[in-house]
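The values are calculated or read from the model by the stated rules, or taken from the named source; none is laboratory data. Since the model is a prediction, treat every value here as computed from it, not as a measurement. Note: ideal-geometry Cβ built from the backbone for every residue, glycine included; neighbour counts use all protein chains shown. All accessible areas refer to the heavy atoms of the entire protein, side chains included, with ligands and DNA or RNA removed. Shrake-Rupley method; radii C 1.70, N 1.55, O 1.52, S 1.80 Å.
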Amino acid sequence: MKRLLLLLIALTSTTYSAIKDVDDITYEFLIETGEKTGYCDHVYVFKKIFETIEVKTMLEFGVGYSTKYFLDHCKKVISVEFISPGWMPNWIKYCLDLYKEYSNWVPVAYFSGYKGDYSWAQYKFFGTDGFFKAGNHFAVTGQSYRKVDPAYFNELSTFIGNLSKYNKFDIALVDPGSVLRGEIAEILFGKVPIIITCDAASSRNGYDPYGLCNFKVPEDYEEIFFSYGKGTIVWIQKKETLLKLIEVLKEYAK
């Protein structure tokens, strides 16, 4: 229970000023917000990536203010927001209105155990309540729910597999409200060549609230850790077209 309380405090202790005009979300605004709150402090890594390679299609778990930056630099962004009894749709509804003019954005609502109205979601996936249960289980025990019932993981794997089957993703950001970031990243290996997750500094200091240390990184991926702010981890597939990016980010992380 102590683990759960600490996590809830971490998730709710930072408040962000509501943006009314999408044009107010500039790179400078995101960097300043990151410096003050830690929110969006992964954007500086994305800037270096966008300067080095062309990113056509991006997959994002967890919408936010940085979504605006991605939409401005990618031809297509698919964002997945998990909706459950523990993570209500207020935030994604706000973002849907904020980014309504972006034709290159595909916002997908993944419903898990949610009993409310869902008519507002143009793109939606109706999952079981397994993902919601798995998040609660991990938050309290620190253990994967796969040991109890792996059905939710198979469901999530199929969902992500179908997305990657019909879209060639260049990069994926794992930053949802859910604590199951490690399991999402684990599924993405082999499907997306560049995978990024944030709020990762604690995982290097003995406290791993998102399960980022609960899986083995495949040998064909390079892991690069950025200690700035709340910490960002980048996993890059070791293929010829990405070797320059690996060198650039390894130098940038120093």
Among Asp21, Asp41, Asp170, residue whose mean-square fluctuation peaks in a GNM of the chain (springs only between Cα atoms under 10 Å) = Asp21
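Please report, as a whole percent, how much of the solvent-accessible surface of the stretch 98-160 comes from carbon and sulfur atoms (probe radius 1.4 Å). Before the final figure, lay out each step's value.
Numbers: 1750 of 3300 Å².
Using a 1.4 Å probe with all protein chains present, the stretch 98-160 comes out at 53 percent carbon and sulfur.
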Mind giving me the nanometre distance, one decimal, between the label points for Lys93 and Ser227, set 7 Å out from Cα along Cα→Cβ?
-> 4.4 nm
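How much net charge surrounds Leu98 when only other residues with a Cβ under 11 Å from its Cβ are counted (Lys, Arg +1; Asp, Glu -1)?
Details: positive: Lys20, Lys68, Lys93, Lys100; negative: Asp21, Asp23, Asp24, Asp97, Glu101.
Net charge in that neighbourhood comes out at -1.
Of the GluC sites (Glu not before Pro) in the stretch 52-90, which ones lie in a loop per DSSP and count no more than 16 other C-beta atoms within 10 Å?
Listed in order of number, the matching sites are Glu54.
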Proportion of all alpha-carbon pairs of the stretch 88-143 beyond 14 Å (%) | 61 percent
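Would you mind getting the Kirkwood hydrodynamic radius of the stretch 11-115 from its Cα pairs, rounded to one decimal in Å? Walk me through the intermediate numbers first.
On the way: mean 1/r = 0.0687 Å⁻¹.
So the Kirkwood estimate lands at 14.6 Å.
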Antiparallel DSSP beta bridges within the chain, percent to nearest 5 = 35 percent
Lys pairs, the stretch 57-131 - Cα-Cα below 18 angstrom, 8 or more residues apart or on other chains = 10
How far is it, in nm, from the label point at Tyr207 to the one at Glu240 when both lie 7 Å from their Cα along the line to the Cβ?
-> 4.6 nm
Evaluate the Debye formula for the stretch 124-229 with equal point scatterers sitting on the alpha carbons, no solvent, and hand back log10 of I(q)/I(0) at q = 0.17, 0.21, 0.24 Å⁻¹, in q order, two decimals.
-> -0.85, -1.26, -1.52
Return the whole-Å distance between the Cα centroid of the stretch 24-80 and the Cα centroid of the stretch 154-224.
-> 17 Å
So, with +1 on the Cβ of K and R and -1 on the Cβ of D and E, and no other charges, what is the size of the charge dipole of the chain about its Cα centre, to the nearest 20 debye?
-> 560 debye
Connecting every pair of Cα atoms under 10 Å apart in the chain and solving the GNM, the largest mean-square fluctuation among Leu180, Leu242, Leu71 falls on Leu242
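Over the chain, with the other protein chains present, what is the accessible area per residue in square angstrom, probe 1.4 angstrom? Working shown, then result.
Values: 12280 Å² over 254 residues.
Value returned for the chain: 48 Å² of accessible area per residue.
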For the chain, what size does the Cα cloud have along each of its three principal axes, sorted from largest down, in whole Å?
-> 45, 41, 38
